[in-house]
1. So which residues in the stretch B:163-195 are in contact with a Leu (Cβ under 9 Å, 6 or more places away or on another chain) and away from chain A (no Cβ under 12 Å)?
2. Just checking, does the stretch B:221-244 include any residue being aliphatic (A, V, I, L, M), under 29 Å from B:Pro103 (Cα atoms) and within 16 Å of ligand 2 (Cβ to nearest atom)?
3. Those residues that are modelled with pLDDT of 90 or more and open to solvent by 60 Å² or more (accessible area, probe 1.4 Å), I need them from the stretch B:129-155; list them, please.
4. Does B:Ser314 satisfy being of a type in the set (Gly, Ala, Ser) and in a loop (DSSP other than H, G, I, E, B)?
5. Any idea which of B:Gly603, B:Gly569 is assigned to a loop (DSSP other than H, G, I, E, B) and either open to solvent by less than 30 Å² (accessible area, probe 1.4 Å) or not acidic (Asp, Glu) (or both)?
6. Among B:Glu96, B:Glu28, which is touching a strand residue (DSSP E or B) at 6+ places or on another chain (Cβ under 7 Å), on the phi < 0 side of the Ramachandran plot, free of Cβ contacts under 8 Å to residues at least 40 places away in the same chain and open to solvent by less than 70 Å² (accessible area, probe 1.4 Å)?
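The values are calculated or read from the model by the stated rules, or taken from the named source; none is laboratory data. In this text the structure is predicted, and so the values were computed from the model without any measurement. Counting neighbours? That spans all protein chains shown, and the Cβs are built from the backbone with ideal geometry, glycine included. Heavy atoms of the whole protein, side chains included, go into the accessibility calculation; ligands, DNA and RNA do not. Shrake-Rupley method; radii C 1.70, N 1.55, O 1.52, S 1.80 Å.
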Amino acid sequence: MDKPAASKVINMERIREIVMECGGHKWALIPVIQKIQNEFGYIPPEAIHVIAIGLKIFPSQVQGVISFYAQFYTKPRGRQVITVCRGTACHVRGGESLLEMLENGLGIKEGETTADMEYSLETVACIGVCALAPNVVIGKEVYGKMDTQKIEQLLKKGEA
Amino acid sequence: MQEFTVTLNGREVAAEPGMTILELARREGVHIPTICHEPHLAPAGGCPSISSCRVCIVEEERSGNLITSCGAFVTPGMVINTASQRVLERRRTIVELMLASHPDSCMVCLKGNRCQLRQVAADMGIGLVRFQRIPLMSTITDANPFIKRNLSKCILCAKCIRACQELVIEGAVDYYRRGFVARPATAGDTPLEESECTFCGTCVAMCPTGALMEAEPLYRGTAGTSVPTTCPFCGCGCTVRLKVKEGRVVRVIPNNDDPVTRGTLCVKGSYGFDFIQSRDRLTTPLIKVDDHFEAASWEEAFNVITAEFKRIKSRYGSNSLAVFGSSKCTNEENYLLQRFARCVLGTNNIDNGSRLYGTPGLTSCDPASGFFGATNSLTAMEKADVILVVGADPTVSAPLVGYTIKRAVRCMDAKLVLIDPRETRLSMFAETWLRPKVGTDLILLNGMAKAIIDEGLHDAEISEETIDFKAFAKSLSAYTAAFVEKATGVPYTEIVKAAREYATSGKAAIVYGHGITQHVNGTDAIKALTNLALLTGSRSKGTCIYPLQKENNAQGACDMGALPDFLPGYQQVSDLKSRRTFEDYWGIIPAAAGLTAFEMIKGAKAGTIKGMYIVGENPAASFPNSKFVSEALSSLNFLVVQDLFMTRTAKLSNVVLPAASFAEKEGTFTSFDGRVNWLTKAVQPPGQSIPDWDIVIKLAARMGHAMFYSSPREVREEIGKLVPLYKGIGYGSPEEPLDQVRAKGGFRSPLVYRKRPDRIPSFYLVHMTATPDRTNGEYPFLLLTGSNLYHFAGGTRTSRAPRLRKYSLDAFVDIGEADAEKLEVSEGDRLRIASSTSEIVATARISDTLPERVVFMPFALACNPVSQLLDIILDLERKTPIVKCVSVKIERIGSHGQAGSKQSN
Ligand code: SF4
Ligand code: SF4
Ligand code: SF4
Ligand code: FES
Ligand code: FES
């Protein structure tokens, strides 16, 4: 597998520690992967075996859980995560073209990360503030009533 | 709780608590279609079904709910309707939705009429689907010769996932992703051959659709008949069904009715049967003329054999003849064969192939204590609270036992204490994994015993219930922490931890294999295990001991007296009374114990044995020091070999007799834990070949000794009368319902329980006498040998099963990282491995867990006669050879892909 240029060597020792901290019981799987994601920003595929051994479950089971939840990532994400809402309200107000524009602007597709590890582009199905549609979330901040100009500005400013 | 009544389709019926609606309906003869439900996947007390397909819905009229009958328990007063208009309509929609994402390939689907989805749809009269079709995509391509996945046909019933995680416990697959794109996948979504999958075939047999299919099948259609019989490979005794089409066995599936195997098999059982139809099968008797074989009639062959055996007998005496029976042949055949040796040839020189692996009757502690095999059933092993595994990798050598142990750990919360220098698949399941230096098990076990006694964890009443406890405790005084730690290389704290786990966890089971029996001090190590069993045995109400058997009928061959010192049922041949019992039926039996297999070979070389009759064994390939064995056999005056194939041993013979395979005859095999399983004839033997039992009876008649049995059944009836362990076995046939057989006083598997006899058990005082490590400056490495999952014994049969042959033929040797670095060996390099007897070439595999100066190589690769490297050094008591390890030197002779000198069988 090609590793993204900016990815660092994974500190497997730390992953082992996290697994042990959570008690080494199989019910600790979700807390363990949450913790790893919090620290590493994603769950390195190499971690799957370590988690499986530590919790006495099979790697396929760990992968099954990680891939089931949208909140878990198996690839490193950019410093900034841009999430475009694809819910119905945002869609009818042009969410799709915002996505297209971001894809073109950043040179990546949905679900990908720029080579310099600056930006990741993601989508979500409704964040619950439909009144402000179309919505884009950058980091933890929600930007409502977005349009192509605003996006362009944000991109230029380097804020996003 | 009490029985109660519920209403089922308008009828009041009695129900018991804990019963699912489906179970009730089935008992009452009411059909409810199911797809995802599989009784073997419902562990006792666990969830009866995960109810993912929803095809089995029924209506509960009081609440008006539609519920899945496979996962819902009956409750008092329920009013259940299994076929109301509402149920039928909803069920139809459910199936139609499944079909909407299913490809239109039923006509060419290999699952054919066995597809449950298609059956259910057809039963409901569903033809065209009214929904918009959104077919699923399948992108994965598997390259292995066993299993093909086409996940576009997957209906996400999870049976394969559960089979893999809850029955065989490999965990190769689980759900991957969610929603519409979810599917069962391996870790990393790789092809199966890059995953933990062992190709056991269990999931393929359970998959209700064509999503999981047999690769490279012999036949694509639906087989005509299905014949229940028993797997001919290892000693686990899995029952199978042979699918027969036009006189050929085209497929093997697990026998779903077997409560012990529960729908599982291993790769050999599932894909190893093609040898039956191999073109190499012997089809006619052969007589050697000068240096080649000429086809002969049975008549001619029998004439030559009779004349030669008679000539040798009158010239050199009966004891110059010897019979080598077979741990692959049936109980009936072994029974006849030992009668043939004793009463026709007049010698007790009879032994069987299990000698190589530590003959069961003799590996199970000492015969005087009455243990002649496992002391309990495999089912009991699964219920143990702690399992001690020593010198065995059952995940490879006895897969069904491997499944059982893993299930006990994963599903029943048992603790596993593993003693093995090498990492195996079991290591990850172990609570404690002790890695002693090779061959120091005896010291380790004594050390554990001392730790138990020191901590006062042994049974309180031990002095009254056993003999020699005090002396035993005293004899352990030398096993101090420092001594044990130094000798075994295992930290003492680990040993104490293992001792505590073993002694305090409740009901214990001890499983051991050839890692014990094939070492120097093997017999003593077995005794040390018995000591451990005695120490806490009464507290846990009897610790069960399970010696694993390599071959399908190793247990049975010994039970049937294919042994030089025992008559059937382990009755001493030297004992007049025992002999009398049989003499009334067969005539005179010689009193002096005969020779074991290796003594026969040595006798042949020395000229004291002149004639041999070898049935279903291939010592020239499977015994250590094959060169010596071949020379010995060639120097015989007369050798008869009876087999399926022209084996290396057969080539050395004067007369070759073609025998029928397991699929072509009737009889019984006894598994290592004493289940007597039936063989049913599925196809005709090729050419003129006939079953071994028939050959022995005919030959005996020629030699002037009539045996009045017209079928294996009559032999079995005699066994049922004369062999106490098998009392009652003669009654009934495999087709007869079990209760009828029982009513006649007979039984069918599970059967032969080997209970501890009524006398007070005694401790053994055993100590290490010889050092196992025979490495030296010239041969600095210790080569460990072991089993191979894909090939069996000498590989005679498995190498003729094309799929097994394809998958793993190359000889490999595992070498530790540090050693590899020193020798500048990298993965895939060709290595020359030499012992003092011979040398062979193999491909290197680097292992990060092997200890230094230890390398590992499995037996049973057709192109890799590891046995050549070994020498015949016998364990004195059991006369079993020490073939578990040998000292070798290693040399790198070529890099990856560069073939060294290729060896062939
Ligand atoms: S063949 Fe056996 S090991 Fe492989 S996925 Fe199926 S059940 Fe699991
Ligand atoms: S592959 Fe077969 S057994 Fe597995 S989930 Fe799909 S349909 Fe069920
Ligand atoms: S475990 Fe043994 S008996 Fe069972 S299928 Fe495999 S080889 Fe045959
Ligand atoms: S649809 Fe975008 S926030 Fe609800
Ligand atoms: S069979 Fe009951 S839900 Fe599938």
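1. B:Ala163, B:Leu167, B:Phe180 - these are the residues of the stretch B:163-195 that are in contact with a Leu (Cβ under 9 Å, 6 or more places away or on another chain) and away from chain A (no Cβ under 12 Å).
2. no
3. B:Lys148 - this is the single residue of the stretch B:129-155 that is modelled with pLDDT of 90 or more and open to solvent by 60 Å² or more (accessible area, probe 1.4 Å).
4. Against the criterion (of a type in the set (Gly, Ala, Ser) and in a loop (DSSP other than H, G, I, E, B)), B:Ser314 does not qualify.
5. Among B:Gly603, B:Gly569, only B:Gly569 is assigned to a loop (DSSP other than H, G, I, E, B) and either open to solvent by less than 30 Å² (accessible area, probe 1.4 Å) or not acidic (Asp, Glu) (or both).
6. B:Glu28
Residues checked against (1) closer than 15 Å to B:Leu110 by Cβ; (2) open to solvent by 10 Å² or more (accessible area, probe 1.4 Å); (3) in contact with a Pro (Cβ under 6 Å, 6 or more places away or on another chain):
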residue: B:Ala185; (1), (2), (3): no, no, no
residue: B:Cys197; (1), (2), (3): no, yes, no
residue: B:Thr209; (1), (2), (3): yes, no, no
residue: B:Ala215; (1), (2), (3): yes, no, yes
residue: B:Gly224; (1), (2), (3): no, yes, no
residue: B:Pro228; (1), (2), (3): no, yes, no
residue: B:Arg241; (1), (2), (3): no, yes, yes
residue: B:Lys245; (1), (2), (3): yes, yes, no
residue: B:Ile253; (1), (2), (3): yes, yes, no
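Here's the yes/no breakdown for (1) within 16 Å of ligand 4 (Cβ to nearest atom); (2) charged (D, E, K, R); (3) touching a Cys at 6+ places or on another chain (Cβ under 7 Å); (4) part of a loop (DSSP other than H, G, I, E, B):
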site: B:Gly127; (1), (2), (3), (4): no, no, no, yes
site: B:Phe131; (1), (2), (3), (4): no, no, no, yes
site: B:Ile140; (1), (2), (3), (4): no, no, no, yes
site: B:Leu156; (1), (2), (3), (4): no, no, no, yes
site: B:Ile161; (1), (2), (3), (4): no, no, no, no
site: B:Cys164; (1), (2), (3), (4): no, no, yes, no
site: B:Tyr175; (1), (2), (3), (4): no, no, no, no
site: B:Ala185; (1), (2), (3), (4): no, no, no, no
site: B:Glu196; (1), (2), (3), (4): no, yes, no, yes
